[in-house]
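Visitor: Pasting a structure below so you can have a look.
The values are calculated or read from the model by the stated rules, or taken from the named source; none is laboratory data. No experiment lies behind these values; they were computed from the predicted model shown. No Cβ is skipped: glycine too gets one built from the backbone with ideal geometry, and neighbour counts run over all protein chains shown. For accessibility, only protein heavy atoms count, side chains too; no ligands or nucleic acids. Shrake-Rupley method; radii C 1.70, N 1.55, O 1.52, S 1.80 Å.
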Amino acid sequence: MPWRVLLQRNRAWAERIQAERPGFFAELARQQSPRYMWIGCSDSRVPANQITGLEPGEVFVHRNVANVVVPSDLNCLSAVQYAVDVLRVEHVMVVGHYGCGGVQAALLGQRVGLADNWLRHVRDVAERHADTLQAMAHDARLDALCELNVIEQVRHVAQSTVLQDAWARGQAVTVHGWVYGLRDGLLQDLGVSIGLGGDVEAGYAAACAAVRQRRQGAHDRPAA
């Protein structure tokens, strides 16, 4: 498809929205007040607004390869800080997806180029949970690592100075871990939600244990 078609489609979309909802763009331009922040994978098949049925302006989005959050990534942490401190979001969702190419490369030790350095973080997760993964059937490991990676990143967000400071001042913001199924379009709650007064390590341990219980012994049944 020629790239100019995208500009044509944009104009058609803007005209349609303006006709259906007069004043929509004027109102949108005046303020940004989302309740949610989405930290997801850069994969083009996982669009935050469409998946959740939210309008433009209702979710603040940060995406990177394999939905990783690490203390050295000032890009991600700056987005989190802006969302929490300035926009005052109430929920931060870390969202992975089954069949993630970055997670698969980390699991199998595949070389993909410069991104190998970034995916080292996911390999660290795989190594941390090596006993759990090795105890699973081969076909269950990728799905399990997608889930464990999300849980690990939820922990990182919750441990960040941004969230720790927000909770210290009594701000009600909660971090959640979800995973998306490409084959069925459904979001799954991984049972790790950490908010004001929550125990980060207890929530992390319980969610990891749930993955082990759910995935061990699984055969030839990837979730999506």
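Visitor: Only bridges with both residues in region 33-218 count here: give the DSSP antiparallel percent, nearest 5.
Guide: In region 33-218, DSSP labels about 20 percent of beta bridges as antiparallel.
Visitor: Which value in deg cm²/dmol, rounded to the nearest 500, describes the helix-derived mean residue ellipticity at 222 nm for the chain, given -39,500 (n - 2.57) per DSSP H run of n ≥ 4 and division by the residue count?
Guide: One gets -15000 deg cm²/dmol as the mean residue ellipticity at 222 nm.
Visitor: Between the alpha-carbon centers of region 44-77 and region 163-218, tell me the distance in whole angstrom.
Guide: 16 Å
Visitor: Here is a follow-up. Place the peptides 55-61, 44-50 in order of packing, highest mean first, counting for every residue the other Cβ atoms within 10 Å and averaging per peptide.
Guide: Most protected by this proxy first, the peptides run 55-61, 44-50.
Visitor: Still on this model: What ranking, highest mean first, results for peptides 15-23, 81-89, 123-131 when packing means the other Cβ atoms within 10 Å averaged over each residue?
Guide: Per-residue mean Cβ counts within 10 Å order the peptides as 81-89, 123-131, 15-23.
Visitor: For residue 72 and residue 130, calculate 0.36 nm times their separation in residues minus their Cα-Cα distance, and state this gained length in nm to one decimal.
Guide: Contour length minus the Cα-Cα distance gives 18.5 nm.
Visitor: For region 74-85, take each phi angle, set θ = phi - 60°, evaluate the Karplus expression 6.51 cos²θ - 1.76 cosθ + 1.60, and give the result in whole Hz per residue in order, putting x for glycine and proline.
Guide: Rounded to whole hertz, the list is 5, 4, 5, 5, 5, 5, 4, 4, 5, 5, 7, 7.
Visitor: On a 0 to 90 degree scale, rounded to 10, what angle separates helix 4-20 from the longest Cα axis of the chain?
Guide: Approximately 70 degrees, to the nearest 10.
Visitor: Per residue, how much accessible surface does region 95-185 expose to a 1.4 Å probe? Answer in Å², no decimals.
Guide: 42 Å²
Visitor: According to a simple spin-label model (label point 7 Å from Cα along Cα-to-Cβ), what is the distance in nm between residue 199 and residue 8?
Guide: Rounded to a tenth, the inter-label distance reads 6.1 nm.
Visitor: Here is a further query. Hey, any idea what % of region 64-124's accessible area is carbon plus sulfur with a 1.4 Å probe?
Guide: With neighbouring chains kept in place, the figure for region 64-124 is 54 percent.
Visitor: May I pose another question? Per the Kirkwood treatment, what hydrodynamic radius in Å, one decimal, follows for region 33-218 from the mean inverse distance over all distinct Cα pairs?
Guide: 16.5 Å
Visitor: Moving to a separate point now. Tell me which residues come under 5 Å, amide H to amide H, from residue 137 once H is placed; ignore anything under 5 positions away on its chain.
Guide: The answer is 217, 218.
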